[in-house]
Structure formats: structure tokens, C-alpha cells
Amino acid sequence: MSKITIRSFQDLQQYEGTEIGVSDYHTITQEQINLFADATLDHQWIHLDTERAKTESPFKTTIAHGYLTVSLLPFLWGQIITIENLKMQVNYEIESLRFNQAVTVDSALRLRVKLLSAKDLRGVIKARLEVTMEIEGSKKPAFNGIITFLYHFN
């Protein structure tokens, strides 16, 4: 699917109940995992100690933090959709989120999104999205859930 451009609430609303798109793949590197660990102060060995992970981890390698994969949502969503005339986008809600599978280092992830609803709240657009973070080569996604973004237009 190609990237869509939204210029109004009505443009977005026409996609209600449909899959909007799929992002490109993004590869999770050990450097990205290390930087995320530093930013969040989560330095568990399963994320950082490559030698120990080879022998003690059931994955035989390091894994990305679950919240690292969640933090990619706005970036990957931006590959699916362009919203013009936007003052700001706000992460509003994670209604549900289920981690289904660990993401090992050097895995490639992509986001699949369906628009569940779009509502105009006096000029602020509330978009509820069904999201699935797919892992290249795996039938089971990293996570799936429902999130909400708020869009404030100029």
C-alpha cells in the first residue's frame, strides 16, 4: 500500500473500519537496544549482555525491550500516513496491548494499522487504531493492541 495523505477530518473518517496501511521494515540493532536501556534505566542482561544471552537466554541472543517496540509506533505510523496542516500529534491512550513474542536483536519490524474510529472533538481529531507490530519471517506478531492518537490542526 502507498502512503496516504489526510487533509481533513472527513479524509480520515473515510478510512474507518479499514486497514490503512503497512509501514516499511525497521531493523532493531544492538546499539538501539543499548540506547533505549540508557534512556529508560532498564539494563537487564537479556537486553544488553550478548555473551550471556548466547548461553542463558531461551532466545540465544539479546532481545529488544517491549517498550522499545511500542515506542516505534509514531515513527512507523508516519510511514503509513501524512497528516497535513498539523499543529501536533499526541499519544493519548493505549487501550489494550498484548506482547505476543520477543523481538530478538537484528529482527525487522513493521507496523500494520486499521482505523477503528475517527471522531471530531471540537476540532481535535481522536483516532482509535488497531495496531499489529509484525516481525519479518514470523507468523506471530511482536504485539497487537488498540491505541489512540489526538490530532490538533492549525
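A few comments on the model shown:
- Verdict on VAL90 being farther than 17 Å from GLY21 by Cβ, in contact with a strand residue (DSSP E or B) (Cβ under 8 Å, 6 or more places away or on another chain) and part of a strand (DSSP E or B): yes
- Test result for ASP42, without any contact (Cβ under 8 Å) to a residue 40 or more places away in the chain and part of a helix (DSSP H, G or I): no
- The stretch 68-86 residues that are assigned to a loop (DSSP other than H, G, I, E, B), paired with ones that are open to solvent by less than 20 Å² (accessible area, probe 1.4 Å) and modelled with pLDDT under 95 (beta carbon under 9 Å, 6 or more apart): GLU84/ILE6
- From the options PHE99, PHE75, residue that is farther than 21 Å from ASP120 by Cβ, in contact with a Gly (Cβ under 8 Å, 6 or more places away or on another chain) and not polar (S, T, N, Q): PHE99
- One residue from ILE4, ILE46, ILE28, ILE20 being farther than 24 Å from TRP77 by Cβ and open to solvent by less than 40 Å² (accessible area, probe 1.4 Å): ILE46
- Residue that is farthest from ILE6 (Cα to Cα), among those in the stretch 112-154 that are of a type in the set (Gly, Ala, Ser) and in contact with a Leu (Cβ under 8 Å, 6 or more places away or on another chain): ALA142
- Residues that are open to solvent by less than 40 Å² (accessible area, probe 1.4 Å) and either over 20 Å from PHE75 (Cα atoms) or not hydrophobic (A, V, I, L, M, F, W, C) (or both) within the stretch 105-117 comprise SER107, SER117, listed in sequence order.
- Positions within the stretch 117-154 being under 28 Å from ASN85 (Cβ atoms), polar (S, T, N, Q), out of contact with any Phe, Trp or Tyr (no Cβ under 6 Å at 6 or more places or on another chain) and outside any loop (DSSP other than H, G, I, E, B), in sequence order: SER117
The values are calculated or read from the model by the stated rules, or taken from the named source; none is laboratory data. Just so you know, these numbers come straight off a predicted model, no measurement behind them. For neighbour counting, all protein chains shown are included, and Cβ atoms are generated from backbone atoms with ideal geometry for every residue, glycine included. Areas reflect the complete protein model, heavy atoms only, side chains present, ligands, DNA and RNA absent. Shrake-Rupley method; radii C 1.70, N 1.55, O 1.52, S 1.80 Å.
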